[in-house]
1. Going through the stretch 1-25 one residue at a time, which ones are open to solvent by 80 Å² or more (accessible area, probe 1.4 Å), β-branched (V, I, T) and either outside any strand (DSSP E or B) or touching a Cys at 6+ places or on another chain (Cβ under 8 Å) (or both)?
2. With A28, A38, A68 as the choices, which residue is open to solvent by less than 100 Å² (accessible area, probe 1.4 Å), hydrophobic (A, V, I, L, M, F, W, C) and at pLDDT below 90?
Amino acid sequence: MLEIRSRKVGNSVSIILPKSLNIEVNQAFLITKTHNGALILTPKLENPYTQGKIDMNDPEGEYLEQRASEDWED
């Protein structure tokens, strides 16, 4: 377990994460503060549905459709 300390930077409080954690520069995180004060950092992921990266064609859809039509022919 690593121990780190918060620091005052201007009007903010900063936490420096060690290089050994292999965090990329400019990586975005979502922070959740739990009821006992624990902070959870979760990497922010791009929404693939808004980035046009998802192909909405279902490759199994054609296969299942073909199987269904073959079942009807028998």
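1. I16, V25
2. A68
The values are calculated or read from the model by the stated rules, or taken from the named source; none is laboratory data. Predicted model, so just to flag it, every value in this text is computed and none were measured. So basically every Cβ, Gly included, is an ideal-geometry build from the backbone, and we count neighbours across all protein chains shown. Heads up: the accessible areas ignore ligands, DNA and RNA and are worked out on the full protein's heavy atoms, side chains in. Shrake-Rupley method; radii C 1.70, N 1.55, O 1.52, S 1.80 Å.
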